[in-house]
Structures are given as structure tokens and as C-alpha cells.
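One structure is given below, encoded as C-alpha cells.
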Amino acid sequence: VEGWAEAHDDFAAPSPMAWEPMTAGIRASVLVYFLRREMARPDGGIAGRLRTILAAHREYLTDQPRLKSNHAVWHAIGLFELSRVFGDSSIRELALARLLDIATTQVSADGCHKEHAPMYHFVVLEWLDQIVTYLAGTPGFDWPGLETLRQVRERMIASGNFLQDHGGNIIPIGDSVRRPVPSVGLTAIPPARKLLFDREAGYACYKESSSRRSGRQLVLNIQDRARPFPFHFHDDAAALVYCYRGETILGDAGMFAYDDSEQRRHVVSS
């Protein structure tokens, strides 16, 4: 902790990600947890030093504008944890307002995350599930927005059925990697619902139940060019993915390395 403080004094950034908002939010959360442990020591440990570091994080995260990506989740949680250290109701209110903003603007009315990649649907869903559990278990916590977060979580679970194959793997579209869906997102296929058309998030999906004679699944990626959450946007409107009982027959031709290569720059351009 002391080594980090010396290297990053006055917001110095020896690494380009040192003061990226999500990085700072995660670090603030970890250091708040560490501070509570230090305060329990008879000599106080390095509690004073941690408070100084956390004050800098409070200043930084409070001044950050609204983030237009899934990183905003950790920005908000970092602020919430800092409010527990400094007893500042304005920070707490800002943190909770930003959590509510994430749930109501980054997730469509039909429950799809709007960052243009199914992997981030499940990343945000898992975080949201953990946050709901955490906030509900916080002593003395009373916030009407918690019910909104619960409702958004349930909508994301329902729509996530169409963004996973029959084997319980995330469908790799855009910046998504084929990997198992987190446990909170695994759903049984509702037999009465085979279609999802989410104009707001930009998906048209068809999914049959899996049996000896059925198991077709189709996803059309038809993104709105307005790009309110642009960081994982691929300029491949009408990209089509077809799977059969978990096996990809037609994959997303725009799914390439998630890096800053020339190939990726070509894929995400017109």
C-alpha cells in the first residue's frame, strides 16, 4: 500500500490504467475492505495512510462524469464503499443514482444489455446479481431503487436465454467469447416463448427447445447506429449467427481478436 501511494502520489499514473475509473473503483472497494480490517488492530496499522489514499479516490471518482459502458458498475460501487468510510451522504446518493442509471439506461426494456456483445450482458448480469445480494444484506440499508435492480436482474435472466446456446455457452457475437454462462444466467427454455425482438438493444432471436427433432437457434444482430454505448460496436448490421443444439453452423464473421490490431480496426469500421 505504501509503495503504491508513493508511485501514484498526486494522481501520478505510471501505468495508463492506474486512474481509469473502473480500476479506481475496484481498488477503492478493496482498500475500504482492507481499512476496516486495519482499524480492528490494536495499533491501527496503516489506517491513516489508507484514509489519505481513499480520500484521493473519493475526489477522483466524484469528479468523473457518467460512464457510457459496463465500467460504470465499478465506478458506482467504488463510490458506495467510499461513502461507508467517510459518512458522506452525497457520495452515497451519487453512487446509488449511478447504479439506477446503469440499470435503466444500459439495459433495454426487454432485458438485453445494450453494449453490443452478449458476453457483456452476462458480465453485467452477474455483477448486478452480486450487488443486489450485497446491498440487501447491508445492515440498515433502505433504498427503494433496490427493487428496480431486482426487476432488471430478472428481465436480464429471461432475455439471456436467447443469447446463450443450448449447451449453456455465450454466443460469440462481436466482442464476445464462447464461454460458459455464469450460474445466475442459466435458464430453462420457456416452451411458450421462442422469439425475442428487442429493437432497443438490436437483437432478433429465435430459439427452439432442444430435442431429437428440434434445437434451431438464430440471432440477428441489427444494431442501431446511434451507438449510445459504443465501445463494443461492430459495424456489421444484420450479422447472422445460426446454431443447432449448441453447435455453431454459421458464426459471426465479425468476431475477431479483442485488441487494437489492424484487423480489428477493419472489422469495427464500415
Out of all the residues in segment 159-181, which are of a type outside the set (A, V, I, L, M) and either at pLDDT 95 or above or not in a loop (DSSP other than H, G, I, E, B) (or both)? SER159, GLY160, ASN161, PHE162, GLN164, ASN169, PRO180
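Kindly provide the set of residues from segment 109-144 that are at positive phi and either open to solvent by 20 Å² or more (accessible area, probe 1.4 Å) or modelled with pLDDT of 95 or more (or both), ordered by number. Give the derivation first.
Of segment 109-144, the ones at positive phi are 111, 116, 140.
Correct list: GLY111, GLY140.
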Looking at segment 4-36 only, could you name the residues that are more than 15 Å from ARG49 (Cα to Cα) and either open to solvent by 70 Å² or more (accessible area, probe 1.4 Å) or hydroxyl-bearing (Ser, Thr, Tyr) (or both)? PHE11, PRO14, SER15, PRO16, MET17, THR23, SER29
Of the listed residues (ILE102, ILE46, ILE91, ILE77), the one being out of contact with any Ser or Thr (no Cβ under 8 Å at 6 or more places or on another chain) and open to solvent by less than 40 Å² (accessible area, probe 1.4 Å) is ILE102
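The values are calculated or read from the model by the stated rules, or taken from the named source; none is laboratory data. A quick note: this is a predicted structure, and the numbers were derived from the prediction, not measured. Don't worry about glycine lacking a Cβ; one is built from the backbone with ideal geometry, like all the others, and counts go over all protein chains shown. Please note that ligands, DNA and RNA were not included when accessible areas were found on the heavy atoms of the full protein model with its side chains. Shrake-Rupley method; radii C 1.70, N 1.55, O 1.52, S 1.80 Å.
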